[in-house]
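Structure, as structure tokens:
The values are calculated or read from the model by the stated rules, or taken from the named source; none is laboratory data. This structure is a prediction, so every number in the text was calculated from the model and none was measured. Using ideal geometry, Cβ is built from the backbone for each residue, glycine included, and neighbour counts are taken over all protein chains shown.
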Amino acid sequence: MTAVIGILNKNGITMAADSAVTVTGGNQKKIYNTANKIFTLSKHQPVGIMIYSTSTFMSIPWETIIKLYRKELGEKFFDTVEDYKNDFVAFLKLKNFYTNKESQLHNLKQFVYWNLNILKDEIAKNLSDGKTEEELSIEFKENILDKVKGNVDSLKDAKNILKDYEDYDLESFINFADKGIKEVIAIIFEGIELSDEIRKLIVEQYYYHLRTDNFIGLESGLVFGGFGEVEIYPSIVSIKVAEVIDDRLRYFNDSSDKISDINNGSIMPYAQTDVINMFIKGVDPQIDYTYLTVFEKLLNKYNETLVGLLEVEKPDLAAKIKGLDLSVITNEFRDELLKVQREKQIIPTVETVAILSKEDLAEMAESLIYLTYLKRRISSSEESVGGPIDVAIISKGDGFIWKKRKHYFEEDLNKHFMSNYFKK
């Protein structure tokens, strides 16, 4: 995991990120504090990019992909940061040397293997006691059929269809993946004779799932920030990317913001956002949620108490009280809490951000990443945020400037690299 942030005002945008990266292999997990998560997207224009969550795409490091894109971009520029994002997405789709059909299918089979194992264990754990082996086998197959049928039915009418999959039909997916998925089914359910209907529904289940933005497993966040050619104020846009299936990129647009005459400041945290949101809202998100659930619980209990007191002597009034829609009150309570947060904390914080200098923006961004690290450091959870904090400032006049950056090499010993930077 990781923590990255973009803070914007009319002076520019600051990007900050920690260096922690979690590497898993077999049954082991290790955290390294050496990852680079901020990059210049162009060597000539004031645009940067941050990555979070998974550091690879289809097994290729994002750092490699970003630098290949940067080389191809050269001195080319776009009007807006949104246009840079769109061009980068187009680059991912066109450069199929790292997303060939073989690697796409292999990646899909790995996901299906992991997902079907979970399904199998879940079904097996909930089998009835006291049945014969034959009866358990029948129940197992019936439960799998019901589960997969339910998944297909719930996903068929999904509205969150990914852009590249709007015209992707089931027949095309079957041509691409049917054989591979059924190979995995045979491995997972070895010794169990599943019906053709179940195997067919399992394949359909993955078609309906993979065309939605319900990302499960490996995914990456990409955050683009800076200035387009016609943008006088900075903007920030982000996408989430999973993988490529049948030459179609699984991605969707995520949160974005831009500075204007009516929006003078913005704080945009990504990945592990709890500590930063606590700073912005003035209350821990977990505590905020607890306020609502406790209030709702007490309100329901109070309602039940009233009904209990009245149902003998005044049953009609008790019935009316019992039928009250308490969600109206809880929603009003939530709105009032949000109103107080906005007036007392969120608006004053954003108004302060709006008047900060570039240097102060950088200090604020670095401090918020450090607070996230400190929270992880003193808690019992794993230290998934840590290491040196990289900080970059992007302004319209000065372009992309590093304020803090770790190097894996000594600059004084590699003057050739520094002098050839713009020639590459």
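Tabulated values for the structure
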item: Any hit, the stretch 7-19, residues being more than 20 Å from Thr372 (Cβ to Cβ), crowded, with 24+ Cβ neighbours inside 10 Å and modelled with pLDDT of 85 or more; result: yes
item: Long-range neighbours under 6 Å by Cβ, at least six apart or interchain, first residue in contact (Cβ under 8 Å) with a residue 24 or more places away in the chain and surrounded by 12 or more Cβ atoms within 10 Å (Cβ to Cβ) within the stretch 146-158, second polar (S, T, N, Q) and not in a helix (DSSP H, G or I); result: Ala158/Thr212
item: Which numbered condition Leu92 misses (of (1) touching a residue at least 12 places away in the same chain (Cβ under 8 Å); (2) farther than 19 Å from Leu210 by Cβ; (3) aliphatic (A, V, I, L, M)); result: (2)
item: Selection status of Glu197, among the charged types (D, E, K, R), over 27 Å from the mean Cα position of the chain (by Cα) and assigned by TED's automatic domain parsing to the domain that holds Lys93; result: no
item: Pairs with Cβ under 8 Å, 6+ apart, first in the stretch 349-372 and of a type in the set (Lys, Arg), second at pLDDT 95 or above and surrounded by 17 or more Cβ atoms within 10 Å (Cβ to Cβ); result: Lys358/Asn11; Lys358/Gly12; Lys358/Thr14; Lys358/Ile393; Lys358/Ser395
item: Subset of the stretch 248-265 (residues that are over 23 Å from Ala354 (Cβ atoms), buried (at least 16 other Cβ atoms within 10 Å of the Cβ), of a type outside the set (A, V, I, L, M, F, W, C) and touching a strand residue (DSSP E or B) at 6+ places or on another chain (Cβ under 9 Å)); result: Arg250, Tyr251
item: Every pair of residues 6+ apart whose Cβ atoms lie under 6 Å, when the first sits in the stretch 264-275 and is within 8 Å of Val350 (Cβ to Cβ) while the second is at pLDDT 95 or above and among the acidic types (Asp, Glu); result: Ser266/Asp257
item: Residue count, the stretch 341-351 (criterion: loosely packed, with under 13 Cβ neighbours inside 10 Å and not charged (D, E, K, R)); result: 2
item: Tally of residues being modelled with pLDDT of 95 or more, touching a helix residue (DSSP H, G or I) at 6+ places or on another chain (Cβ under 9 Å) and over 23 Å from Ile369 (Cβ atoms) across the stretch 230-249; result: 1
item: The listed residue being of a type in the set (A, V, I, L, M) and closer than 17 Å to Val244 by Cβ, out of Leu136, Leu108, Leu119, Leu73; result: Leu108
item: Filter result (among the aliphatic types (A, V, I, L, M) and in a strand (DSSP E or B)) within the stretch 224-254; result: Ile236, Val237, Ile239, Val241, Ala242, Val244, Ile245, Leu249
item: Tally of residues being exposed (fewer than 12 other Cβ atoms within 10 Å of the Cβ) and within 26 Å of Phe279 (Cβ to Cβ) across the stretch 291-339; result: 5
item: The lone exception for Val244 - which of (1) surrounded by fewer than 19 Cβ atoms within 10 Å (Cβ to Cβ); (2) under 30 Å from Asp164 (Cα atoms) it fails; result: (1)
item: Condition broken by Ile192, with the remaining ones in (1) part of a helix (DSSP H, G or I); (2) in contact (Cβ under 8 Å) with a residue 40 or more places away in the chain; (3) of a type in the set (A, V, I, L, M, F, W, C) satisfied; result: (1)
item: Residue ranges of helices (runs of 4 or more DSSP H) in the stretch 345-424 with at least 2 members closer than 27 Å to Tyr233 by Cβ; result: 347-354, 358-377
